[in-house]
Amino acid sequence: MNGNNYGLCLGTQEAYFSTPSGVVNVRYCEDEVINISFVVDVKTHLCYIYLNGILSGAVDLPDNTIAGNQFLMEAPFVINSNYCDFDLYRFRVYQTGLTMPTVIHNYLSDMHSIVLYDQNDLTRALDPTELDFEALYRYNYGDPSRNIEGHPGALSMPYCVFTIEDSTDIFPRYKGNKKKCTMDFTNPSLDEGLENGNITDWYYYTHSPSYHAEGVEINVQATSS
């Protein structure tokens, strides 16, 4: 923190980032090994805080704290045991604001868990906000041609792929902007159970089975809710 209480602070049960615009914080339990990430995004003028790879909040950064691609904050890093004691295992500082997938991968690397890494490495390479259908399929069923094993005993959550039928390939943006689409809903664990004979046809078709539907009309919900 600097002399104006501007900066970040970590304690035994809470961490926060304070700016003249407000405070973003996250709480956690004592006696647990956790991973906290503060990310400053100069493009959006926001500071994000992550707990164990999960985005947990954001706070606005005033314009006078950013110049071009630089964040104008100087504050010393101080460990002050007059207030609390905790074990600090790693401390990293980067020159650029990390993306969400990078924060997640950093956390998973610290956890040394290839299982968690595989479960989270399902987004598109060029757009980390979009799930990759092929990556989901490979995670579930593998790819023998590339010697990639699937996870038939621990399939991922159900998912649905919407394909807009017109040339715009864009979802409705406002109420009344109806679009026709094709829907492919996949329930991997239920499919696996039926294929292996672990469930009956009746159980399958009454518990959100996979399906393909064409000519489905979708619309934006009313804004009152």
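No value in this document is a laboratory result; all are computed from the given coordinates. All figures in this text were calculated on a predicted structure; none of them were measured in a lab. Neighbour counts run over all protein chains shown; Cβ positions are idealised from the backbone, glycine included.
Values computed for the structure shown
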{"quantity": "Sole residue being of a type in the set (Phe, Trp, Tyr) and in contact with an Asp or Glu (Cβ under 9 Å, 6 or more places away or on another chain), chosen from Tyr50, Tyr16, Tyr89, Tyr6", "calculated": "Tyr89"}
{"quantity": "Check on Thr19, surrounded by 15 or more Cβ atoms within 10 Å (Cβ to Cβ), out of contact with any strand residue (DSSP E or B) (no Cβ under 6 Å at 6 or more places or on another chain) and among the polar types (S, T, N, Q)", "calculated": "no"}
{"quantity": "Scope the range 50-90; condition closer than 19 Å to Ile104 by Cβ and assigned to a loop (DSSP other than H, G, I, E, B); matching residues", "calculated": "Asn52, Gly53, Tyr89, Arg90"}
{"quantity": "Subset of the range 153-192 [farther than 16 Å from Asn219 by Cβ, assigned to a loop (DSSP other than H, G, I, E, B), free of Cβ contacts under 8 Å to residues at least 24 places away in the same chain and not hydrophobic (A, V, I, L, M, F, W, C)]", "calculated": "Gly153, Ser167, Asp169"}
{"quantity": "Residues of the range 158-175 satisfying the condition of being touching a helix residue (DSSP H, G or I) at 6+ places or on another chain (Cβ under 8 Å) and among the hydrophobic types (A, V, I, L, M, F, W, C)", "calculated": "Val161"}
{"quantity": "Pairs with Cβ under 6 Å, 6+ apart, first in the range 60-84 and in contact (Cβ under 8 Å) with a residue 24 or more places away in the chain and at positive phi, second among the acidic types (Asp, Glu) and outside any loop (DSSP other than H, G, I, E, B)", "calculated": "none"}
{"quantity": "Residue list for the range 7-50, restricted to those being hydroxyl-bearing (Ser, Thr, Tyr), closer than 22 Å to Pro76 by Cβ and touching a helix residue (DSSP H, G or I) at 6+ places or on another chain (Cβ under 8 Å)", "calculated": "Thr19, Ser37"}
